[in-house]
């Protein structure tokens, strides 16, 4: 059985290697390791042997580890013998001022843990545990090398923003914390954002937090694309191209291992509109991935157009009319840039999917209904198998 996880760390490869090469310190960030004791005099390098006890629920599984590969500054390869046998390698790759840390394992379970019948479940759980361990190592490295972003004693502060489902508060100097008002779990969205960040997609960096009903992420200093459009409506062409680019970049992100069983062309956001794009000093960042999944890319692009045509905002009549005029402009520019035929092929399904949102306001539901009717009445109307 194979498992894989990776993280991006805001540190040099030398800084990451300093932590990774401290084999005895692995028990501080690999949560399942309950004890570690060396058999050889050497505590590093090829040939090093040590015993570990791994905790899996109520079970305590002893094993012996042998370091078979030690590429200084690059990788460590280990063979495990015992109740769980197999091999693993942790490798790092420098990417500018950041480092990608990749962990791969191939292992076999004992027959009394379910054998092949339990492989799929165990593989999924193992990859989540590996990812969590790597995130713990990342935070440990940040604590030592990036005190500007590591804030273990952060507390919730002033309200930063509010949405239909939840609120965002300050969380230390450089982070924010988001919670749903109904206390629903945000673990799936958090894990997806971590995956996106690891694969180079522009999302805020997400940090580990013990509460699955919260997401802690870096604070992006900049307005939303919608706010920028409101202040600078002449920028609608630029922002329309940015939305197209964000869709194109999402196409290149692989589907996370825990979602491979879902049918579709690739990852889709299904809520990508100017209000969910933050314009930071280093470029746009996409937020609010609660609706994301695996699906048809054309549907995702058409949904962006439908959202811009039908979303509403709070405020006076004049303000709402101004926002609607801006949205009409950027929606038309976006449709032209992304491809009129593509939007036409998927717009009806996107509108119908939008109608299923139980959080739609009355005026939004009316707008979506009118749009869906107009799309169905067009001679060029077509349906595709999106959902």
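The values are calculated or read from the model by the stated rules, or taken from the named source; none is laboratory data. Quantities reported herein were computed from a predicted structural model and do not represent experimental measurements. Methodologically, a virtual Cβ is constructed for each residue, glycine included, from the backbone with ideal geometry; neighbour enumeration extends over all protein chains shown.
Points to keep in mind about this one:
- Residues of the stretch 96-126 satisfying the condition of being at pLDDT 80 or above and under 19 Å from residue 199 (Cβ atoms): 99, 100, 101, 102, 103, 104
- Condition met for residue 273 (closer than 30 Å to residue 155 by Cβ and either buried (at least 22 other Cβ atoms within 10 Å of the Cβ) or without any contact (Cβ under 8 Å) to a residue 40 or more places away in the chain (or both)): no
- Residues that are more than 13 Å from residue 300 (Cα to Cα) and part of a helix (DSSP H, G or I) within the stretch 353-367 comprise 355, 362, 363, 364, 365, 366, 367, listed in sequence order.
- When residues of the stretch 325-341 are limited to those that are out of contact with any helix residue (DSSP H, G or I) (no Cβ under 6 Å at 6 or more places or on another chain), in a helix (DSSP H, G or I) and within 18 Å of residue 237 (Cβ to Cβ), the one modelled with the lowest pLDDT: 325
- Condition check for residue 348: part of a helix (DSSP H, G or I) and under 22 Å from residue 223 (Cα atoms): no
- Selection within the stretch 12-37 - part of a loop (DSSP other than H, G, I, E, B) and under 16 Å from residue 80 (Cα atoms): 30, 32
One line per residue, one yes/no per condition, for (1) farther than 26 Å from residue 123 by Cβ; (2) free of Cβ contacts under 8 Å to residues at least 60 places away in the same chain:
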| position | (1), (2) |
| --- | --- |
| 8 | no, no |
| 11 | yes, no |
| 27 | no, yes |
| 30 | no, no |
| 41 | yes, yes |
| 46 | yes, yes |
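- Enumeration of residues in the stretch 250-287 that are at pLDDT 90 or above and in a strand (DSSP E or B): 266, 267, 268, 277, 278, 279, 283, 284, 285, 286
- Test: residue in the stretch 199-212 that is modelled with pLDDT under 90, surrounded by 22 or more Cβ atoms within 10 Å (Cβ to Cβ) and more than 20 Å from residue 269 (Cβ to Cβ): yes
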